[in-house]
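Only the coordinates and a few stated rules stand behind these numbers; no lab work does. For clarity, every value in this text was computed on a predicted model and none was experimentally measured. Methodologically, a virtual Cβ is constructed for each residue, glycine included, from the backbone with ideal geometry; neighbour enumeration extends over all protein chains shown.
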Amino acid sequence: TIPLTIEEILTLNEAKTLEFKENAQSLSNIIKTVVAFANTAGGTIVVGVEDKTRKVVGVTNVLKEEERITNAIAESIAPLFAPDIEIRSYREYELI
């Protein structure tokens, strides 16, 4: 399949394979979603977007947050799971 752009993703509603997270403060919620996606058809989590309104709020210190998420996944999921984590720009915002 052709990867969707951020613009295309933002037009979609949350569903079985798409989840928006405003931030990465609650790593346990992100881990639960990663596990759910890994056990089904896969999916996409976009961090930096409000889930109800799809308002883009971005991620502050995106490299630090990406590392926190990566480490939490590595430490929490067995067997080892290696998700495809990307940092993408959208207008003046950075998203994970």
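Take the Cα of Tyr93, step 7 Å toward its Cβ, do the same at Arg54, and the gap between the two points is 1.2 nm.
In percent, rounded to a whole number, the relative contact order of the chain is 28, using alpha-carbon pairs under 8 Å and six or more apart. Amide H to amide H distances under 5 Å link Phe20 with Val46, where only residues 5 or more positions off or on other chains count and H is placed in the peptide plane. Dividing the summed -39500 (n - 2.57) terms of all DSSP H runs of n ≥ 4 by the residue count of the chain sets its mean residue ellipticity at 222 nm at -10000 deg cm²/dmol.
The alpha carbon centroids of segment 82-96 and segment 42-76 are separated by 8 Å. Less than 22 Å apart at the alpha-carbon level, and either on another chain or at least 8 residues along: which lysines does that give for Lys16? Leaving aside lysines fewer than 8 places away in the same chain, those within reach of Lys16 are Lys32, Lys52, Lys55.
Of all the Cα-Cα pairs you can form in the chain, what percent are over 15 Å apart? Everything past 15 Å amounts to 59 percent. Taking every DSSP bridge with both residues inside the chain, close to 55 percent are antiparallel.
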